[in-house]
Amino acid sequence: MTKRKNVAIIGGGVSGLAAAKAFDERGHRVFGFERSHDFGGVWELSRSYPGVQTQSPKDLYRYTDLAMPDDYPEWPKGPQVHAYLHAYANKHKLARLFQLNTNVLAMDRRRDGQPGWTLTLKAGGAPRTQDFDFVTVCTGQFSDKNILTHPGQEAFESGGGKVIHSSEYTDPEAVNGKNVVVLGGSKSATDIAVNAAANGAKSVTLVYREPVWRVPYFVGGINFKRLLYMRAQEDQFNGWGRSPLGKALFTAFKPLIWANFRGLETLLKLQLGLKKWDMVPDGPIEKDASCSLPIVTPGLFEGFKDGSIKPVRGTYERYEEDHIVLTTGERVPCDLSILAVGWKLGVPYLAKEYQEKLIEPDGQYRVYRLAVNPDLPDMGFVGFNSSFCTILSAEMIANWLVRYADGKLANQPTETDMKRNIEEMLEWRRKERPAAKVYGGLCSAPFHFRHFDELLSDMGAAKTKRSNPLAEQFSYPNADAYGAFLASTPQYAAE
């Protein structure tokens, strides 16, 4: 018999909703805590910048049992994704499980000596504590703003200049008639630069440190999901734990693999004009591809061509009155500085002694299957397995995690198993695939199929691949198919 647990779900975004549904449908008592006034996480409307849309096509960015509406565009806008998440919450009656406007202040082992954790919570009044048998951290990788400051900033702001984080850019009227400088090279940076240029900015300068490979929505006229999201392509990257036969095959096909990626690079250089804009990356695409691979914002390179957006390689050195001085020595006019420098990854409410068990000195996370740490029992993570199909990834790991918590995995790992695997994966990231170290090593891209295969095998799925071998090998992950794969796992309910 599986004992019913009191389970805390921290976060009400994509991952929190997936986790709440997974634990609730197994019969556990779920207590969700979301610090905002609404579901949605990064898609909650007050956190979204104007014009934001998904990087992934809508048939990749979805839960297994709910497709996005037919009238949504291929790459839905932020408000559409927010509405979709609400539709999912309504379908599974998840609102009853969550307490909104509730902050988690601290997390420590239970004081009564029982397995589990004590959360210190605050919602309006004085802080309170509550004990849980299991805690699922679903705050993902975009929870706390990464705030940078530079010399001269205080005087710059006192003189009328403004400095904001990209998440605070919610009103396009703010750029009208202003000299805008955007710091960063991610998709959020390029989205904001394009939006500012389209909304009356006097000038827009995009300052980026290093060029990275960028992928347009259509590569040579072909939707990129049909080129990059398939097993046949995934197998050409240097994945972890290859068997001797796998290594031999990889070596044998290395010339063809090399030619394939050089062809893709050539196509991207020509299509985007990367050489003209000094934006050809130093490293090969097969080594650099990871969760940090940005999708090209429509209008970005057009803005470079017509002069409405000026790309500059470098970074900030200091602020001066009405200007920013870059490390290149160039002085850029600036009234509004927008820092698109990402988010801090971490679990700040977790006591320091436990954070040290979770995070290596170089920032890499010690997690098995990107979900659990054997030295931190009775807790797990959903949403740490970042990928190019984030919602599906969250749902897969949520279903794995509830079975792990209940001891119901077909391949339930021992502490020794987990620690050995963690060390092997750390070694792989550090020595064989440095690109996998981004986001603390919590990225399954570009190895979506490999990651899902491991999870389904652990769960004892009777079906793990589509019946059509060509579709399985040469098509992108199919959410409906993964719903069927999950349904083929052994079912049970807590009592």
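The values are calculated or read from the model by the stated rules, or taken from the named source; none is laboratory data. None of these values were measured; they are calculated from a predicted model. Note: ideal-geometry Cβ built from the backbone for every residue, glycine included; neighbour counts use all protein chains shown. Ligands, DNA and RNA are excluded from the accessible area calculation, which covers all protein heavy atoms including side chains. Shrake-Rupley method; radii C 1.70, N 1.55, O 1.52, S 1.80 Å.
Loop-located GluC sites (Glu not before Pro) in region 299-369 (DSSP state other than H, G, I, E, B) with a sparse environment of at most 16 neighbouring Cβ atoms within 10 Å: Glu321, Glu330. Per-residue extension of 0.36 nm, minus the Cα-Cα distance of Gln130 and Asp65, leaves a gain of 20.1 nm for this segment. What shape does region 370-495 have by the C-alpha gyration tensor, where a ≥ b ≥ c are the square roots of the eigenvalues, rounded means a/c under 1.5, and otherwise prolate means a/b greater than b/c and oblate the rest? Oblate, because a/c is 1.5 or more while a/b does not exceed b/c.
Over region 101-214, the fraction of Cα-Cα pairs per 10 Å bin, rounded to whole percents and listed from the shortest bin up, is 11, 28, 22, 18, 16, 4, 0. Counting 0.36 nm for each residue step from Ile164 to Glu360 and taking away their Cα separation leaves a gain of 67.5 nm.
When the solvent-accessible area of region 305-404 is split by element, carbon and sulfur atoms take up 46 percent of it, the probe being 1.4 Å.
In order along region 415-426, the phi-based Karplus estimate (6.51 cos²θ - 1.76 cosθ + 1.60, θ = phi - 60°) of 3J(HN,Hα) comes to 4, 5, 4, 5, 5, 5, 5, 4, 5, 5, 5, 4 Hz; Gly and Pro are listed as x. Treating r as the C-beta distance of Asp375 and Arg262 and R0 as 35 Å, the FRET efficiency rounds to 0.20.
Taking region 1-124 as the region of interest, the number of lysine pairs whose Cα atoms are within less than 17 Å, with members eight or more places apart or on different chains, is 4.
The alpha carbon centroids of region 292-356 and region 153-224 are separated by 8 Å.
With helices as the sole contributors, the chain gives -9000 deg cm²/dmol at 222 nm; each DSSP H run of n ≥ 4 counts as -39500 (n - 2.57), and the sum is divided by every residue. Using the 1.4 Å probe convention, the accessible area of region 71-151 works out to 49 Å² per residue with neighbouring protein chains retained.
Rounded, prolate or oblate: which fits region 281-439 when a ≥ b ≥ c are the square roots of the eigenvalues of the alpha-carbon gyration tensor, with rounded for a/c under 1.5 and prolate only if a/b beats b/c?
It comes out prolate by the Cα gyration axes.
Carbon-plus-sulfur fraction of the accessible area of region 13-109, 1.4 Å probe, in percent?
Its accessible area is 53 percent carbon and sulfur atoms.
Sorted from longest to shortest, the spans of the Cα atoms of region 264-349 along the three principal axes equal 46, 44, 23 Å. For region 1-157, the alpha carbon positions stretch 51, 49, 24 Å along the principal axes, listed from largest to smallest.
Run the accessible area of region 154-210 with a 1.4 Å probe and give the carbon-and-sulfur part as a rounded percent. It would help to have the intermediate numbers written out before the result.
On the way: 980 of 2330 Å².
Answer for region 154-210: carbon and sulfur cover 42 percent of the accessible area.
Grab the beta carbon distance between Asp453 and Val312, set R0 = 41 Å, and tell me the FRET efficiency rounded to 0.05. According to the calculation, E is roughly 0.40. Taking the inverse of the mean 1/r over every pair of distinct Cα atoms in the chain gives a Kirkwood hydrodynamic radius of 23.9 Å.
Looking at the chain, send over the antiparallel percent of its DSSP beta bridges, to the nearest 5. Present the calculation step by step, with values, prior to reporting the outcome.
Numbers: 26 of 60 bridges.
Counting DSSP beta bridges with both partners in the chain, the antiparallel share is about 45 percent.
Before anything else, pin down the relative contact order of region 1-149: Cα pairs under 8 Å, at least 6 apart, normalised by residue count, whole percent.
This gives 30 percent for region 1-149.
Within the chain, Cys138, Cys334, Cys389 have no other Cys Cβ under 4.7 Å of their Cβ and so lack a disulfide-compatible partner by this rule. In the context of the full set of protein chains, residues of region 235-366 present 52 Å² of accessible surface per residue (probe radius 1.4 Å, heavy atoms only). Peptide packing for 245-257, 436-448, 272-284 was compared via the average number of neighbouring C-beta atoms within 10 Å per residue; ordered from the highest value, the list is 436-448, 272-284, 245-257. Between region 431-495 and region 1-46, the alpha-carbon centres lie 22 Å apart. How far is helix 448-459 tilted off the main Cα axis of the chain, in degrees rounded to 10, range 0 to 90? So the helix axis and the longest Cα principal axis differ by about 10 degrees. Take the Cα of Glu173, step 7 Å toward its Cβ, do the same at Phe253, and the gap between the two points is 5.6 nm.
Order the following by accessible area, largest value first: Met379, Met1. Probe radius 1.4 Å; ligands, DNA and RNA are ignored.
Numbers: Met379 5, Met1 185 Å².
Reading off the accessible areas and sorting them downward yields Met1, Met379.
Averaging sequence separations of C-alpha pairs under 8 Å and six or more residues apart, then dividing by the length of the chain, give the relative contact order as a whole percent.
Values: 929 pairs, mean separation 108.4, N = 495.
The normalised contact order for the chain reaches 22 percent.
Our note on the geometry: Cα centres of region 377-403 and region 52-129, 13 Å apart. Relative to the longest principal axis of the Cα atoms of the chain, the long axis of helix 254-272 makes an angle of roughly 50 degrees.
To the nearest 10, the accessible area of His82 is 20 Å² with a 1.4 Å probe. Between the amide H of Asn179 and those of Lys202, Ser203, Asp335, Leu336, distances stay under 5 Å, these residues lying 5 or more places away or on another chain, with hydrogens modeled in the peptide plane.
With the radius of gyration and the Kirkwood radius both derived from the Cα set of region 157-307, what is their ratio Rg to Rh? Spell out each step's value before the answer.
Details: Rg = 19.1 Å, Rh = 17.7 Å.
Looking at region 157-307, the ratio lands at 1.08.
Between 0 and 90 degrees, the angle of helix 187-198 with respect to the longest Cα principal axis of the chain falls at about 40 degrees.
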